[in-house]
Each structure stands twice: as structure tokens, then as C-alpha cells.
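This report concerns only the one structure given below.
The values are calculated or read from the model by the stated rules, or taken from the named source; none is laboratory data. Owing to the predicted nature of the structure, the values given are computational and were not obtained by experimental measurement. Cβ placement follows ideal geometry from the backbone for every residue including glycine, while neighbour counts extend to all protein chains displayed. For accessibility, only protein heavy atoms count, side chains too; no ligands or nucleic acids. Shrake-Rupley method; radii C 1.70, N 1.55, O 1.52, S 1.80 Å.
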Amino acid sequence: MEKLNGLRCRECGRHYAAAPIHVCEFCFGPLEVDYRYDVLKGVVTRESIAAGPPSMWRYKDLLPIEGDVAVGHHVGFTPLIRAQNLADELGCREIWVKNDSVCHPTWSFKDRVVAVAVTKAREFGFDTVACASTGNLANSVAAHAAEGRLKSYIFIPADLEQGKVLATLVYNPTLVAVHGTYDEVNRLCSEIADKYRWAFVNVNFRPYYSEGSKSHGFEIIEQLGWKTPGHIVVPCAGGSLITKIWKAIKELKTLGLIDGVSTKMHAAQALGCGPIVTMIKNDTDVLVPVRPSTIAKSLAIGNPADGYYAYKTAKESGGFGEHATDEEIVEGMLLLARTEGIFTETAGGVTVAAAKKLIERGVIPRDESIVLCITGNGLKTPDSLQDRLDAHVKIKPSLSAFDRALADLKSQTS
Ligand SMILES: *Cc1c(COP(=O)(O)O)cnc(C)c1O
Ligand SMILES: [Zn+2]
């Protein structure tokens, strides 16, 4: 099946053959994978998808892979959970959690983008993969490079959480800690990508990488029984995930797998790094870069590559956006854990906090269906809770000590 037209410029529409390139030579617009929907229509059906594997690869026909899947065979198809306790707490009718905090193998949705990018790097004959990362991408590129027996160079800001650093190093990549912000790391990586023939998953492979995010969106719709929700709240860093979930929903419409599209896409960011949400609130398509200062380090991109498209997605879909303070982020993490038994990282705290504010402000009506994208696992960022949580009682190993402690506890809470 000849399903790809190659790449296409998102701005001027010029076509390019499929290659490890990401910028249009004529207008400097970003390139995007271009599919032949005429070929795919009728071939990709609800039945053909259901007959596929229980992973993101049930959507392989809608991803830019032409040969066999090389790495990440078990990525995706994460649970979509009806979060009734959370809904009750927020006074809502229907909330769902798309739980990529348990995405295999590195516990974030980044496994989806990396599985596509690394497979594509192998198709193009690269022996080295690389990335600029705010943490989760580092974990995932290192893991998939190990699986695919490729060399990897991982570039991170030096102040990244220790949990994310160790969960990268364990896979034996070459880790380069740069004294600077993510945006400075990323700029350096653009220069390195020009000089060395490496597959930078989020630079020269960005058109392929970003397509992997569509699978998060496809799965939400399939798991809702091929129905589109009223609202999806998405945490944004570079702005790719929200853009690609929206693209996924529109593709399902194009292919006739859903009837209509009425979902509103909402962007969630930290107040200390929220340039996309600021664009949405100010209703301007001009992005003003910021210098990040937030505990949500996985979202700390001050100059997001797809910021403009993320803004357009919220606007075009009729959605909005909201910021969360560091305090609200922690409250969001604790709320999800307390109500649903799901421990997400700071990015998930941003999603929950932003959704709560959008609901309280009436932007998201309480009687409409809401999906929260929980994109990463809390065990990677325990630092954010370090000073907040401690054992309730500390005792010697004796029954009488416990009896006294229990009596004290009860008197405190009564
Ligand atoms: C990278 C990341 C995001 C945001 O992804 P973009 O596509 O860059 O907007 C959201 N959540 C987590 C946990 C991430 O690691
Ligand atoms: Zn162009």
C-alpha cells in the first residue's frame, strides 16, 4: 500500500520526498507527513484497527512507517479510565483519564513519538539517534536506542530532576548535561544536527516523531466507542501533542470512522512557563518566548516549536487554555492520586489543575464529557512532593507505642 506522499510544508504547501528533513527550503515553514487518504479510506476501518495488536501499532497504517516496526512493539494502548471519583469531587458528570503514566516502556507518552522516530531512523539507515529533552524524551530515546542497538546522544538541561537523569543513564547512552535552559539546549542541538549525521528525533526527525502523538488521540476515540468527547485537556511543552491529537481526530473523520468532530481542545501549561496559554488568553498568534521557572520541568519550553499550531488548534476547535501555579500543580497531583489512585508527574498536575480552573470558570460545562491527558508518571518526579509529604506517625516497634500514636491521631482529626 503506497500510503505516503512524502512531506509537505505546512505554510506554502510545497512537496518533498520523504527524507530526514524538517524545514521548507523556500519559506522556512515546518514540514509535515502527507498521507494519501484516498488510498487509506476503506482500507483502515474500525474492524481492521480492532484486529491489530494491543499497542499503538494498531494505527500503523496512519503512521509514517513503511517497513516493519523496529523498536517499541508494546508502546501505547494505555487505559482510558472513567474517573467518577474525580468527577464527583469537581461536580462534573463525565471525566475520563487517558493514562499514559503507564505507557510502556518508560512511563510517558514520549514512548509513542520515539518508537516512530527511531523506527524511521533505522529505515533511513542512521546508526545514531539523539534528542534535546526536558526529561521524558531522554528516558525514551535512551531506552529505544538500547533496544534497537543504536548509539544515542542525549542533551538535557543540567538542572533536570535526578529521577529523570538516572532513568536515562541506566540505558547507557551518552548523556550531555548542558548548563542552560531547554531552549538553549535545543538551539545547540540544531547546530549539532547540521554538522553530524545523527537522527535528532525532535529536530531533523520532527515530522515523523510528532506523528507518533496521533496514536494518543486515536486511542481516546476508539476507547470511547468511536465517539468524540466534548473536551480534551492537554499539557503543552513544544505544542506538538495537542496539535497531533486534533489532527488524529480530523483524520478519523476524513476516513469515515467517526461522524463528526465537535471536541474542544484545551491547552494546559504552568504559569512559570505558559507562552502557548498566554497566546490563547490574549487571542494573538504571536508567541512571546519566556524564560521558564516552574516545577513542571517536563513542560518547561519557553520557545515552543509548535506554539503557533497549538494556539491555532485551541482556537479552531473552540477550546481555550489555562495556567497553573506551582502550588496548584502539586494540588492537582494530590487530587488525582487521592480520588483515582493515579500518581502522575508534575505535567499531569498541570492538566488536572488547569481542567479544574476551566470547569470552575464555566469554560468547560459540568455536564459535558471531558478527557484529561495524563502524560507521565509521578515516580519520576518525587522531588516535587519531597517537602510536602511525610509519615503520619513515627514509632518504636511496640504495640503500646502504636496505641498511643493512634489515640493522638484520632484526637487530632476529631
Ligand atoms: C513532552 C511532554 C508533554 C508535552 O508535549 P509536547 O508535544 O512537546 O507539547 C506533556 N507531558 C509530558 C509528561 C511530557 O513529557
Ligand atoms: Zn514552505
>> How charged is the neighbourhood of Tyr311? Take every other residue with its Cβ under 13 Å from the Cβ of Tyr311, and add Lys/Arg as +1 and Asp/Glu as -1.
In response: -1
>> Can you work out the Karplus-derived ³J(HN,Hα) for every residue in the range 246-261? Use 6.51 cos²θ - 1.76 cosθ + 1.60 with θ = phi - 60°, whole Hz, and x for glycine or proline.
In response: 5, 4, 4, 5, 5, 5, 4, 5, 4, 7, x, 8, 9, 7, x, 10
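How would the chain be classified by its alpha-carbon gyration tensor: rounded, prolate or oblate, with rounded meaning a/c under 1.5 and the a/b versus b/c comparison settling the rest?
On the way: a/c = 1.66, a/b = 1.37, b/c = 1.21.
Prolate shape, in that a/c is at least 1.5 and a/b is the bigger ratio.
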> Viscosity 0.890 mPa s, temperature 25 °C: Stokes-Einstein D of the range 158-304 from its Kirkwood Cα radius, in µm² per second?
Replying inline: 141
> Once the whole set of protein chains is in place, how much accessible area is left on Glu191, using a 1.4 Å probe, in Å² to the nearest 10?
Replying inline: 120
> What's the center-to-center distance, using Cα atoms, between the range 248-318 and the range 343-377 in Å?
Replying inline: 14
> In the range 113-249, carbon and sulfur make up what percent of the accessible area (probe 1.4 Å)?
Replying inline: 49
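Work out, step by step, the length gained on full extension between Asp194 and Arg149: first 0.36 nm times the residue separation, then minus their alpha carbon distance; give nm to one decimal.
Numbers: separation 45, 0.36 × 45 = 16.20 nm, distance 2.33 nm.
My answer for the length gained is 13.9 nm.
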> Under the Karplus relation 6.51 cos²θ - 1.76 cosθ + 1.60, θ = phi - 60°, what is the ordered set of whole-Hz ³J(HN,Hα) values for the range 214-221, x standing for Gly and Pro?
Replying inline: 4, 4, 4, x, 3, 5, 4, 5
>> Can you classify the range 273-414 as rounded, prolate or oblate using the Cα gyration tensor, where a ≥ b ≥ c are the square roots of its eigenvalues, rounded means a/c under 1.5, and otherwise it's prolate if a/b beats b/c and oblate if not?
In response: prolate
>> 5 Å is the cut-off here: which amide hydrogens, built 1.01 Å from N in the peptide plane, fall below it relative to Val176, excluding neighbours closer than 5 in sequence?
In response: Ile154, Phe155, Ile156
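To check you understand DSSP bridge types, tell me what percent of the beta bridges within the chain (both residues inside) are antiparallel, rounded to 5.
Details: 14 of 45 bridges.
The antiparallel proportion sits near 30 percent.
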>> Once each part is reduced to its C-alpha centroid, what is the distance from the range 216-246 to the range 36-110 in angstrom?
In response: 10
> Of Thr181, Ile245, Ala391, whose Cα points farthest to the positive end of the dipole of the chain (charges on the beta-carbon: +1 Lys, Arg; -1 Asp, Glu; origin at the Cα centre)?
Replying inline: Ile245
>> As I understand it, the dipole of the chain uses +1 on the Cβ of Lys and Arg and -1 on the Cβ of Asp and Glu, about the Cα centre. Which of Ser215, Thr381, Met333 lies farthest toward its positive end?
In response: Ser215
> For Glu345, what charge total do you get from the other residues with a beta carbon under 12 Å from its beta carbon, if Lys and Arg give +1 and Asp and Glu give -1?
Replying inline: +1
>> How large is log10 of I(q)/I(0) for the range 1-40 at q = 0.15, 0.22, 0.26 Å⁻¹ when the intensity is taken from the Debye formula with one equal scatterer per alpha-carbon?
In response: -0.32, -0.62, -0.79
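Counting other C-beta atoms within 10 Å, and keeping those with at most 15, which DSSP coil trypsin sites (Lys or Arg not before Pro) do you find in the range 28-58?
Working: sites: Arg36, Lys41, Arg46, Arg58; in loops: Arg36.
Taking the range 28-58 and a limit of 15 other Cβ atoms within 10 Å, the loop trypsin sites (Lys or Arg not before Pro) found are Arg36.
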> Considering every pair of different Cα atoms, what Kirkwood radius, in Å, is found for the range 332-414?
Replying inline: 15.5
> What residue among Leu62, Ala87, Cys273 has its Cα farthest toward the positive end of the dipole of the chain, where the charges are +1 on Lys, Arg and -1 on Asp, Glu, each on the Cβ?
Replying inline: Leu62
>> Quick check on the chain: helices-only [θ] at 222 nm, where DSSP H runs of length 4 and up contribute -39,500 (n - 2.57) each and the sum goes over total residues. Nearest 500, please.
In response: -11500 deg cm²/dmol
>> Test of the criteria: in the range 1-94, which GluC sites (Glu not before Pro) are in a DSSP loop and have at most 11 other Cβ atoms within 10 angstrom of their Cβ?
In response: Glu2, Glu25
> Near Cys27, within a Cβ-to-Cβ distance under 15 Å, what is the net charge of the other residues, with Lys and Arg +1 and Asp and Glu -1?
Replying inline: 0
>> If you roll a 1.4 angstrom probe over the protein chains with everything in place, what fraction of the accessible area of the range 1-40 belongs to carbon and sulfur, to the nearest %?
In response: 49
